[in-house]
1. Condition first: surrounded by fewer than 12 Cβ atoms within 10 Å (Cβ to Cβ) and either in contact with a strand residue (DSSP E or B) (Cβ under 8 Å, 6 or more places away or on another chain) or more than 30 Å from residue 266 (Cα to Cα) (or both). Can you find one or more residues in segment 230-238 that meet it?
2. Suppose the filter is under 10 Å from residue 132 (Cα atoms), part of a loop (DSSP other than H, G, I, E, B) and not basic (Lys, Arg); does residue 105 pass it?
3. Looking at (1) modelled with pLDDT of 75 or more; (2) surrounded by 12 or more Cβ atoms within 10 Å (Cβ to Cβ); (3) under 30 Å from residue 175 (Cβ atoms), find the lone condition where residue 32 falls short.
4. Conditions first: (1) in a helix (DSSP H, G or I); (2) surrounded by 12 or more Cβ atoms within 10 Å (Cβ to Cβ); (3) at pLDDT 85 or above. Residue 11 passes all but one, so which condition is the exception?
5. Taking segment 379-414 on its own, how many of its residues are within 15 Å of residue 459 (Cβ to Cβ) and among the acidic types (Asp, Glu)?
6. So which residues in segment 390-414 are touching a strand residue (DSSP E or B) at 6+ places or on another chain (Cβ under 9 Å) and either exposed (fewer than 15 other Cβ atoms within 10 Å of the Cβ) or over 17 Å from residue 537 (Cβ atoms) (or both), if there are any at all?
7. Just checking, how many residues over segment 387-421 are of a type in the set (A, V, I, L, M, F, W, C) and touching a residue at least 60 places away in the same chain (Cβ under 8 Å)?
Amino acid sequence: MFRSRRLASRLLVFYAITFVALIGLFGYLGDLIARQALRDELSTGLERQAVTLAALLPEDDVAVWVDAAADEGGLRVTVIASDGRVVADSDADAGEMENHADRPEIARALSGEVGRATRNSVSTGFEQVYVAVPVDDGALRVSIPERELIGPLGDLRRRMLAIMGLLGLVGVTAVAFVARRLARPLRGLSETAAAIAAGDLDRAPSGSPITEIDELARSIGAMKNELATRLDAVETERRMLEGLLDALPQGTLLISGADEVVYANPAIGDVLSVVPESLHDVAPYRIQTAVREARLRGAGIRADLEHGRPTRILQTLATPVGEVGQVLVVVEDVTQKRRVESMRSDFVANASHELKTPVASILASLDALRIASQRDPDRAEHFTDLIERSARQLSRMVSDLLDLSRLESTDPVIDSVALHEVIDEEVQRSKAWAGEKDVVMEVDTEVIDIEGNEADLRLAVRNLLDNAIRYTDPGGSVSVTAGSGAGKVVVSVADTGSGIAQRHLDRIFERFYRVDESRDAARRGTGLGLAIVRHVVENHGGTVEVESELGVGSIFRMVL
């Protein structure tokens, strides 16, 4: 069976089948027509010969004459009497032949007309063509085997086959030419459509002089333009979505149904420390289980987990999206957020506690003062001093809270600051308190001009000096140095105080954190001084450092 799917091949095969069928039909009809024409022509010739022989028919020696006439004309000649009896025949013994009165051609000849017939001869066994004409007292019949037609008919058939073969060749050539003309633009359109389907939208279909193919080309062109428009819209949306996802601070992963990572934004590397290529590469393992649970339930799965060293808290949300099995994973490092929430909670608790202490002291001292003023006036001054100290402690705490709130919520106004002058002025301000405690103040600064906020820098230096003096015992010293180099400014405040244990150094800059809660009231600060220093330094793009040893002292450095 023919299985080719090419247009040219199919056209040629269909043409060949149609041509063979038509040739067979035309050959059959032509053969019938030719055979009948030759038979008619043969009958006409026989009629002429029969008429001629009838005119020459002798009255006696008919048998001899019949043989001579048959030999001369190459015919079979028969003479029949009026009653149908065969008088003479050139091919058979007349006495043995049956009566011919019932022969159609003889019957017509005996009736005075020319008779014609074609049939199988009983005496010869061949198909014969008969023509009989009337003669006196009977009929004369001539016949010839129909096979005499085979020669001329075979020539005619050969000519017809040659002509049909030539026509077939011309037809095949014409069909091949037309098929190629049709196939070439169709093949070009097919290649163009395949290229467009593969994403080559710069290809344009070629026109054709054939109306139907040209309409097809225009349709493909319109389809390409529509596809390009839609792809542009999809690409624009994809870029916008990727831009949004890339800008998210949360790590984002899109996991396919085959557990492959289809998309990962830059933040995921910071959150997980590595950009995974598949779900099996994702760590911690709890994220993998969250993805599988989301697929199974068809709903979002939330999970909080700890990861890495130092331990970080990761908040994970796995949500099924899009195609079957796809899961969007959003991972956020909430360590700092949780720490801030904890610090805020601690701050509220600590602030309430710290504010409650001086307020309670003031209220208690007022009650005691009221009683002392009535019973023991000499004791009244003592309670007045207690109230004053508590009020000043409360005032300092409120002032520090306001300073800390301002530093956390607003950006500093930057201007040129002579830092060495700020340090000298704050050291001079602190010398009176240091003198009362018998603490020696030393300062060594070079001329330093920086860009910053003078009020905030003054506040930071003051808190470091107050802190150093507060925790330095009588006879000790506090030294302040300031210098610049390598694009940095370093301000150091060193004391010979009691020092700080190493386990406290990571937390001393937290609000309300105190190393030793048992210190006496004279040494007790607000617990906010070092937190204020840290915020001032960080607002200026710097860092604060501390070195300390128990029983030796501490050194605080502001690196700006």
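1. No; the residues of segment 230-238 include none that is surrounded by fewer than 12 Cβ atoms within 10 Å (Cβ to Cβ) and either in contact with a strand residue (DSSP E or B) (Cβ under 8 Å, 6 or more places away or on another chain) or more than 30 Å from residue 266 (Cα to Cα) (or both).
2. Criteria not met by residue 105.
3. Single failed check for residue 32: (2).
4. Status for residue 11: all satisfied but (3).
5. 3
6. 414
7. The total comes to 5.
Table: residues versus (1) of a type in the set (Gly, Ala, Ser); (2) part of a loop (DSSP other than H, G, I, E, B); (3) at pLDDT 70 or above.
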position	(1), (2), (3)
491	no, no, yes
497	yes, yes, yes
500	no, yes, yes
506	no, yes, yes
509	no, yes, yes
519	no, yes, no
522	yes, yes, no
534	no, no, yes
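The values are calculated or read from the model by the stated rules, or taken from the named source; none is laboratory data. Just so it is clear, the structure is predicted and the values come from calculations on it, not from any experiment. Positions of Cβ are backbone-derived with ideal geometry, glycine not excepted, and every protein chain shown enters the neighbour counts.
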